[in-house]
Amino acid sequence: MAQPITEEKVFKDPVHKYIYVQDQTIWDLINTSEFQRLRRIRQLGTSYLTFHGAEHSRFSHSLGVYEITRKIISQFERNDYPGWPREERLLALCAALLHDVGHGPFSHSLEEVFDTHHEQWTVRILLEDTEVNAVLRRVSDDFPEKVAAVISKTYPNPIVVSLISSQMDADRMDYLLRDAYFTGVNYGNFDLERILRVLRPVQGKIVVKESGMHAIEHYLMSRYQMYWQIYFHPVTRSSEIILRQIFRRAKELYESGYAFQMMPSSIARLLDQTIDVKAYLKLDEAYAQAAFIQWEDESDELLSELCRRFLNRRLYKYITVSDPADTLIEEAHRQFVQIGLNPDYHMEIDFPFDQPYDVYRPDSKKGGKEEKTPILLLEDEERLIEISAKSDIVRSITGLHQGEYHLYYPEEPLLAAADRLSPEVRELFKL
Ligand code: CA
């Protein structure tokens with residue numbers, strides 16, 4: 001059974017001012033070890049190396065997503081909109097709070113190298129033998145499965161799913177505001193209170209009252225600015241490349257039987273793919289960074305150099321290239337080998353538009369499977385219209401962007417060996 005809390009709890013929050021907890025289940029979930037672990041994982045991965053304020057954690061973001069969801073539901077219930085199923089309140093709040101509980105340290109880099117997925121870990125943490133599972137099971141026996149279904153977007157009631165994952169969901173609204181606040185940029189600000197007032201539950205979807213269109217335009221503009229200024233930042237990309245290379249090198253060495261001086265057990269189990277929930281939950285950023293500090297002293301020069309670069313922010317520089325298959329790049333590749341560099345590591349071409357963010361494309365599909373829910377405006381009583389059909393601003397920022405490639409490389413060894421490179425290669429790297 002769901003239980004009200006004996007006394008309302010309040011968290012002070014820089015983005016929402018206060019976060020209110022009114023259910024015993026939510027309070028108990030926050031106090032589980034699995035949720036507390038999120039304090040030790042940064043929301044923005046390596047962005048703190050570009051924007052030093054970006055130290056905020058997935059814990060604060062998760063509380064924020066919960067609070068926005070709570071406010072949306074409270075608005076629906078105060079106005080008694082028939083489109084909102086009241087019995088789903090606690091389920092939606094739990095899914096909002098727990099949607100990121102399976103994130104690991106530096107998730108996106110880790111997932112790419114080790115082929116693991118935080119969404120799957122979230123589901124396992126909800127369903128296997130954890131403190132979170134025990135709290136959810138106290139509500140009802142099938143409650144953990146229901147929360148997992150909302151997060152996996154398979155729950156039969158679409159309106160509950162769209163609170164947590166859609167173009168206007170509580171997740172995006174919180175991370176934009178929070179990331180803007182902690183990076184110190186102003187672009188990410190939009191009028192959250194106004195947006196919360198114009199949302200309506202209609203026909204199994206969360207839609208926007210037509211008069212709220214300008215608030216949504218502002219929100220999408222903020223999103224656009226944040227992607228270009230923060231999420232696609234080329235210096236952050238450089239730090240992610242080095243991080244991925246550390247994991248990649250560790251994996252290569254491990255598979256070749258290299259004797260590490262220090263190999264933390266959860267990383268070893270990630271490497272030999274025997275990791276379970278208990279071992280996974282030990283992984284946080286401190287754990288990964290303690291390994292990097294030790295690996296600085298490994299005898300493998302490449303691994304130790306990469307760790308030193310990451311820890312001391314000696315990042316790769318980049319040049320912009322329009323065609324990664326250019327013969328001059330092939331030539332540079334050859335010359336890198338001649339001066340003792342390893343092009344598998346020291347020359348990495350990056351196309352910065354494959355991030356798990358997008359501005360807004362009403363009809364695009366992510367990875368070919370996940371359909372993006374369009375933002376719909378509610379005209380008069382029940383007619384719905386997709387926002388880009390109405391808004392010139394939205395149309396102009398939803399076009400396709402021609403991206404450039406960036407070629408990342410370590411500058412110091414190139415400078416040191418510049419006289420051994422051809423004039424064309426020197427010019428390419430501006431030496
Ligand atoms: Ca999130």
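If I go through segment 101-159 residue by residue, how many of them are in a loop (DSSP other than H, G, I, E, B) and either on the phi < 0 side of the Ramachandran plot or open to solvent by 20 Å² or more (accessible area, probe 1.4 Å) (or both)?
So the answer is 20.
Among the listed residues 243, 163, identify the single one that is touching a strand residue (DSSP E or B) at 6+ places or on another chain (Cβ under 7 Å) and crowded, with 18+ Cβ neighbours inside 10 Å.
163
Can you pull out the residues in segment 189-221 that are in a helix (DSSP H, G or I) and among the polar types (S, T, N, Q)?
Within segment 189-221, 211 is the sole residue that qualifies.
In this structure, is residue 169 open to solvent by less than 20 Å² (accessible area, probe 1.4 Å), modelled with pLDDT of 95 or more and within 14 Å of the ligand (Cβ to nearest atom)?
The answer is no for residue 169.
Would it be correct to say that residue 92 is closer than 26 Å to residue 104 by Cβ and in a loop (DSSP other than H, G, I, E, B)?
The answer is no for residue 92.
Sort through 53, 104 and tell me the only one that's more than 23 Å from residue 206 (Cα to Cα), of a type outside the set (Lys, Arg) and within 15 Å of the ligand (Cβ to nearest atom).
Among 53, 104, only 104 is more than 23 Å from residue 206 (Cα to Cα), of a type outside the set (Lys, Arg) and within 15 Å of the ligand (Cβ to nearest atom).
If you take the residues in segment 60-74 that are open to solvent by less than 10 Å² (accessible area, probe 1.4 Å) and farther than 19 Å from residue 100 by Cα, which one is farthest from the ligand (Cβ to nearest atom)?
So the residue we want is 73.
Is there any pair with a first residue in segment 42-54 that is farther than 18 Å from residue 312 by Cβ and part of a loop (DSSP other than H, G, I, E, B) and a second that is among the small types (Gly, Ala, Ser) and within 13 Å of the ligand (Cβ to nearest atom) whose Cβ atoms are under 7 Å apart and which are 6 or more apart or on different chains, and what are they?
Going by the 7 Å Cβ cut-off, the qualifying pairs are 43/57.
Does segment 1-59 hold any residues that are more than 24 Å from the chain's Cα centre (by Cα) and surrounded by 14 or more Cβ atoms within 10 Å (Cβ to Cβ), and which are they?
Those that are more than 24 Å from the chain's Cα centre (by Cα) and surrounded by 14 or more Cβ atoms within 10 Å (Cβ to Cβ): 2, 5, 9, 20, 21, 22, 23, 24, 25, 27, 28.
Determine whether residue 116 is away from the ligand (no atom under 16 Å from the Cβ) and at pLDDT below 95.
Yes.
I'd like to verify a number: residues in segment 213-228 that are within 17 Å of residue 386 (Cβ to Cβ) and free of Cβ contacts under 8 Å to residues at least 24 places away in the same chain, how many?
Count: 1.
The values are calculated or read from the model by the stated rules, or taken from the named source; none is laboratory data. Since we're looking at a predicted model, the values are computed, not measured. Glycine also receives a Cβ, built like all others from the backbone with ideal geometry; neighbour counts cover every protein chain displayed. Note: accessible area is taken over every heavy atom of the protein model, side chains too, but ligands, DNA and RNA are not part of it. Shrake-Rupley method; radii C 1.70, N 1.55, O 1.52, S 1.80 Å.
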